[in-house]
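Data first, discussion second: the structure below is written as C-alpha cells.
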Amino acid sequence: MSDLHLKTLTEIAAGLEAGEFTSLEVTESLLDRIDSSDDTLNAFITVTGEQARATAVAADAARAAGKAGPLNGLPLVHKDIFCTRDVLTTCGSRMLENFVSPYDATVVERLNAAGVVTLGKTNMDEFAMGSSNETSFFGNVRNPWDIERTPGGSSGGSAAAVAARLAPAATGTDTGGSIRQPAALTGTVGLKPTYGRVSRYGMIAFASSLDQAGVITRSAEDAALLLGTMAGFDERDSTCIDHPVPDYSAALQQSLDGLRVGIVRQHFDAGLDDQTGKAVREALAVLESQGAVLSEVDLPNIGLSVPTYYVVAPAECSSNLSRFDGVRFGHRANDASDLFDLYCRSRGEGFGDEVKRRIMTGTYVLSAGYYDAYYLKAQQVRQLIADDFRQAFADVDVIAGPTAPTPAFKLGDKTDDPITMYLNDIYTIGANLAGLPGISTPCGMVDGLPVGLHLVGPHWGEETLLRCAHQYQAATDWHTRCPEAFR
Ligand code: GLN
C-alpha cells in the first residue's frame with residue numbers, strides 16, 4: 001500500500017485491527033520515507049530501523065495471538081531528550097554525542113509496554129534551549145512547508161517529522177513552548193499537559209519546574225490516544241501527581257455548546273502579525289458558531305512572562321546542567337592538566353553558545369548578591385501570573401489566542417538576536433509558569449505557511465482542550481493539509 005504514511009494514528013489502528021495491513025508494512029513504508037526525505041529535513045538524529053522492524057514483528061504476533069491493545073503496532077518517534085535504553089540519547093548536544101542510555105524514560109517505557117514501534121530519535125535544540133532548532137549540535141531542521149525556514153523549536157525534529165508524514169506522531173517536551181510553537185509552525189497538533197500529569201523520569205532536565213512531556217500529532221484524537229498511555233503517577237518523579245487518568249478519547253465527541261472561551265486582549269496587541277491575527281480571529285468565530293461563548297479576560301501580568309521565564313529557566317538549567325562535568329558521563333576533554341581544567345575544557349567543548357549563555361545567566365541570577373533582585377523577584381512575579389490565570393478560569397473554561405506571533409521565519413533570521421528569538425514564545429510561556437495545559441491546533445495558512453490556534457485550560461483541563469480542538473477540527477480542514485513536497 002503506497003499511502004500508509006498519510007494515515008493518522010487512529011487510521012493506522014483501525015487498519016491494523018481490520019487486518020488491512022500489518023505493523024511491519026507500516027514500519028517499512030515509514031522507514032523508506034525517512035530514508036529518502038531526511039537528508040533534506042534533518043529531522044532525525046538516530047533512526048532505529050532494526051529495532052523498529054523487530055518490534056513491529058512482535059506487535060503483529062501479539063495481534064495474531066489476540067493480545068493487541070489500542071496502541072499495539074503503532075509507529076512513532078521520540079524527541080532525543082527522552083532516554084531510550086541501548087539507543088543513543090544526545091539531547092541535541094555535543095556533550096552527549098556518544099551517550100547510550102542504560103534505561104528507558106517512563107514515557108518510553110509506558111509506550112513500549114503498549115506495543116508502539118519507535119522509528120527513531122528526533123533532532124532538537126541543544127538541551128531544548130531554543131525556538132528554531134538552530135542550536136542543535138546536529139544541525140538545523142528544515143520546515144517541510146518551506147525548507148528555507150525553521151520548523152520552530154525546541155521539538156523541531158518531532159514537528160517536522162510529523163508534518164512531512166515521516167511518522168504519524170512524536171513525543172516532545174515543552175518548557176516554554178517547545179511542543180506548541182513548532183506544532184504551530186509546521187501545521188501539526190501539539191499538546192503540553194498539566195505540570196505533573198506525565199512523568200519526567202528519564203527526560204533530560206532543562207528547567208525542572210517548567211518541563212513537561214507531551215505529543216505532536218496530526219489530530220486531537222491521536223493526541224488523546226497517546227496521552228492516556230503516557231499520563232499517570234510515577235513514584236520515580238517526585239513532581240508527578242497522583243491524579244486519576246480519564247479516558248481522553250471518550251470526551252472528544254461532546255459539543256462545544258456553552259463552552260466559555262476567554263480571549264486575552266494583550267494577545268492581540270502589537271507584535272502579532274496581522275494575517276496570523278486574522279486567522280486566529282476566524283478560528284474563534286468558528287468556535288462561536290459551534291456554540292462556544294466568547295468573552296474577554298484580563299491577565300494583567302502576562303506581559304512579564306518572558307522576562308520572568310528568562311530568569312527562572314536559566315537558574316534551573318544552571319543547576320541541572322552542572323552534572324555534565326566530564327567525569328561521570330558525557331563529553332570529556334583530552335589533555336586536561338588538573339581537575340579544574342578538565343571541568344572547564346569538557347564543558348567549554350561540550351556545550352554550545354546558547355547553553356553557555358543560559359548557564360551564565362542562571363549562575364548570575366542565583367549568585368548571593370543578585371538572588372533577591374532577580375531570582376526571588378521572578379518567583380514572586382511567577383506567582384502573580386499564576387494568580388491571574390486562576391482568576392481568569394473562574395469565568396472561562398478555556399483561554400484562546402495565537403500560538404506564535406508569526407508563521408515560520410527564515411533560518412538564520414533571528415540567530416544573532418536572542419531577545420527576538422525569545423519573544424517567539426510570548427503566548428506560550430505563561431502556561432508553563434502556571435503549570436497549565438495547552439494545545440496548538442492548525443487554524444489557517446499565511447503565504448503558504450501554517451499558523452496555530454492556542455488553547456490553554458485550568459489544571460487537569462486536558463479533556464476540555466482535546467474536545468475543543470477535536471470539535472474545531474471536525475469543522476475545519478487545516479489540520480489535514482500536507483506540504484506539497486511530502487504528499
Ligand atoms: N524557546 C524556549 C527556550 O528557549 C522554550 C524552550 C522549551 O520549551 N524547551 O527556552
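Just so you know, all these numbers are worked out from the coordinates, no wet-lab data involved. Every value quoted in this text rests on a predicted model; they were computed, and no experiment measured them. Glycine gets a Cβ as well: all are built from the backbone with ideal geometry, and neighbour counts include every protein chain shown.
For Ser208 and Ser295, FRET efficiency with R0 = 51 Å and r from the beta-carbon atoms, rounded to 0.05? Result of the calculation: an efficiency of 0.90. With q set to 0.22 Å⁻¹, the log10 of I(q)/I(0) for segment 173-249, from the Debye formula over equal scatterers at the Cα positions, is -1.00.
Listed by Cβ neighbour count within 10 Å, with the fewest neighbours leading, Phe233, Phe82, Phe486 appear as Phe233, Phe486, Phe82. Counting lysine pairs in the chain that sit 8 or more residues apart in sequence, or on different chains, and whose Cα atoms lie under 29 Å apart gives 26.
With contacts taken as Cα pairs under 8 Å and at least 6 residues apart, the chain reaches a relative contact order of 18 percent. So what is Rg over Rh here for segment 331-487, counting just Cα atoms and using Kirkwood for Rh? When Rh is taken as the Kirkwood radius, the ratio is 1.09. With q set to 0.07, 0.09 Å⁻¹, the log10 of I(q)/I(0) for the chain, from the Debye formula over equal scatterers at the Cα positions, is -0.33, -0.55. In vacuo Debye scattering of segment 92-174, one point per C-alpha: log10 I(q)/I(0) at q = 0.17, 0.19, 0.24, 0.27 Å⁻¹? Once normalised to I(0) and log-transformed, intensities are -0.72, -0.87, -1.20, -1.30. Which Cα, out of Pro193, Ala251, Thr361, lies furthest along the positive dipole direction of the chain (beta carbon charges, K/R +1, D/E -1)? Sorting the options by dipole projection puts first Thr361.
Length, then width, then depth: along the principal axes, the Cα atoms of segment 339-414 run 57, 39, 17 Å. The gain in end-to-end length when the Glu349 to Lys377 segment is fully stretched comes to 6.8 nm, 0.36 nm per residue minus the alpha carbon separation. Extending 7 Å from Cα along the Cβ direction at Asp257 and again at Asp32 yields two label points whose distance is 4.8 nm. Taken about its Cα centre, the chain carries a charge dipole of roughly 440 debye when the Cβ of each Lys and Arg holds +1 and the Cβ of each Asp and Glu holds -1. Each stretch of four or more DSSP H residues adds -39500 (n - 2.57); spread over every residue of the chain, this sum gives -11000 deg cm²/dmol at 222 nm. The fraction of all Cα pairs in segment 216-364 landing in successive 10 Å bins from 0 to the largest distance is 9, 18, 23, 26, 15, 7, 2, given as whole percents.
Taking 13 Å as the cut-off, no amide N atom of segment 306-335 comes nearer than this to a point 7 Å along the Cα-to-beta-carbon line of Ser367.
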